[in-house]
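Step one of this worksheet: look at the structure below.
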Amino acid sequence: MPDQELHIVTGAFGYSGKYLAARLLKAGHRVHTLTNSLSRANPFGNQIEAHPFHFDDVRKLADSLRGPKVFYNTYWVRFSTADFKHSVAVENTLKLFAAAKQAGVERLVHISITNPSEDSPLEYFRGKAQLERALIASGLSYALLRPTVLFGDEDILINNISWALRRFPVFGVFGDGQYRLQPIFVDDLARLAVEQGRARENRIIDAIGPETFTYRELVRTIGEIIGKPRPIVSLPPSLGFAVGWLIGKCVGDVMITREEIEGLMADLLHTNSPPAGTTKLTDWAREHAGYLGHRYASELARRRNRTAAYGKL
């Protein structure tokens with residue numbers, strides 16, 4: 001209908017973007033998506049109009065962003081590879097901000113990360129901080145949402161912890177495992193994003209879930225829920241990385257990176273903010289215990305295959 005508000009989401013055929021798009025459609029909005037995966041299986045049929053990213057032409061990119069009430073940006077990359085690096089993701093996101101400004105976007109909701117810092121030695125957290133500063137300085141009305149770990153049907157981290165618990169007699173944690181995480185349900189993040197899309201005040205929100213775990217507690221809890229409790233052993237971070245690297249080679253993926261280990265151990269996935277999500281990981285895991293971790297979830301497979309849908313666990 002012509003009087004429906006237009007909302008634009010990056011990556012509506014992916015993970016968090018899919019949940020965002022579903023909530024916007026349910027609210028009665030028109031939804032467009034910008035995506036690198038125009039051929040990926042579309043769970044929304046003809047309800048969503050898809051456009052490519054035009055990172056090589058900001059004018060075309062701005063044309064793709066004209067008319068929306070709100071632009072929701074989930075665009076990012078979990079880790080650098082030889083063919084795509086964090087620095088490129090930062091450059092491309094800055095182009096998105098510039099194009100949104102040029103197109104007259106009314107509101108921009110951007111997914112960041114907890115504890116970003118331009119002084120961080122970790123490229124992921126440093127890049128997110130650079131983008132936050134640029135968005136704040138842009139003059140656009142914004143909401144910055146800072147999640148920690150997401151969980152949901154298309155999850156990688158929680159699923160692969162479960163996968164390892166099902167297959168190995170022990171589970172190794174980096175160091176003492178006392179660093180903390182506050183996982184948020186992906187649909188809770190989507191709900192929060194849509195709520196902030198309706199607001200106009202500039203806001204920065206730690207998008208954390210209602211439960212806080214140490215990493216050791218998280219592994220033990222998941223093991224108990226799926227019926228695979230394992231002895232948990234402390235490993236030097238270098239050895240833990242080597243084990244993860246070897247497993248990654250066996251499954252054709254990057255299971256974990258040195259930077260992810262350093263971010264975990266620096267307690268960067270924890271804040272003292274009140275929870276923004278309501279869904280407990282423990283409740284969700286119990287509901288999915290029958291098949292959680294039965295298959296390995298590959299980040300690289302998702303990057304390489306631009307046609308297959310992000311499957312459930």
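Of note:
- Length released on extending from Gln178 to Val243, taking residue separation times 0.36 nm less the Cα-Cα span: 21.4 nm
- Fraction of beta bridges assigned by DSSP in the chain that are antiparallel (%, nearest 5): 10 percent
- Solvent exposure of the stretch 66-107 as accessible area per residue, Å², 1.4 Å probe: 41 Å²
- Integer Hz, Karplus 6.51/-1.76/1.60 couplings in order for the stretch 51-63, x for Gly and Pro: 10, x, 5, 10, 5, 8, 8, 4, 5, 5, 4, 5, 4
- Among the GluC sites (Glu not before Pro) found in the stretch 152-219, those both in a DSSP coil and sparsely packed, with 10 or fewer other Cβ atoms within 10 Å of their Cβ, are Glu201.
- Convex hull of the stretch 195-313 built on C-alpha atoms - directionally averaged projected area, nm²: 10.2 nm²
- The charge dipole of the chain, taken about its Cα centre with unit charges on the Cβ of Lys, Arg, Asp and Glu (plus for the first two, minus for the last two), comes to roughly 580 debye.
- Calculated from the alpha-carbon coordinates, the stretch 1-138 shows an Rg and a Dmax of 14.9, 49 Å respectively.
- Remark: the stretch 1-118 carries a charge dipole of roughly 240 debye about the Cα centre, counting +1 on each Lys and Arg Cβ and -1 on each Asp and Glu Cβ.
- Efficiency of FRET from Cβ geometry, Lys280 and Arg66, R₀ 45 Å, rounded to 0.05: 0.65
- Cα-centre dipole for the stretch 173-245 with unit charges at Cβ (Lys and Arg positive, Asp and Glu negative), debye to 20: 100 debye
- Carbon and sulfur %, accessible surface of the stretch 177-313 computed with the full protein complex present, 1.4 Å: 53 percent
- One chain, two ends: Arg133 and Glu224. Fully extended at 0.36 nm per residue, the span grows by 28.6 nm beyond their Cα-Cα distance.
- Estimated vicinal HN-Hα couplings, Hz - the stretch 17-28 in sequence order (Karplus 6.51, -1.76, 1.60; Gly, Pro = x): x, 5, 5, 4, 4, 4, 5, 5, 5, 4, 7, x
- Cα-based reach from Lys128 at 21 Å (exclusive), listing lysines while leaving out same-chain residues under 8 positions away: Lys85, Lys95, Lys101
- Of every Cα-Cα pair in the stretch 124-260, the percent that sits beyond 25 Å: 38 percent
- Reach of Lys69 by Cα under 20 Å, taken over aspartates and glutamates that are not fewer than 8 positions away in the same chain: Asp3, Glu5, Glu49, Glu106, Glu195, Glu201
- Gain in span if fully extended, Asn305 to Ile204, counting 0.36 nm per residue against the direct Cα distance: 33.0 nm
The values are calculated or read from the model by the stated rules, or taken from the named source; none is laboratory data. Given the structure is predicted, the values throughout are model-derived calculations rather than measurements. All Cβ positions, even for glycine, are placed from backbone atoms using ideal geometry, and neighbour counts span all protein chains on display. What goes into the accessible areas is simple: the full protein's heavy atoms, side chains included, and nothing from ligands, DNA or RNA. Shrake-Rupley method; radii C 1.70, N 1.55, O 1.52, S 1.80 Å.
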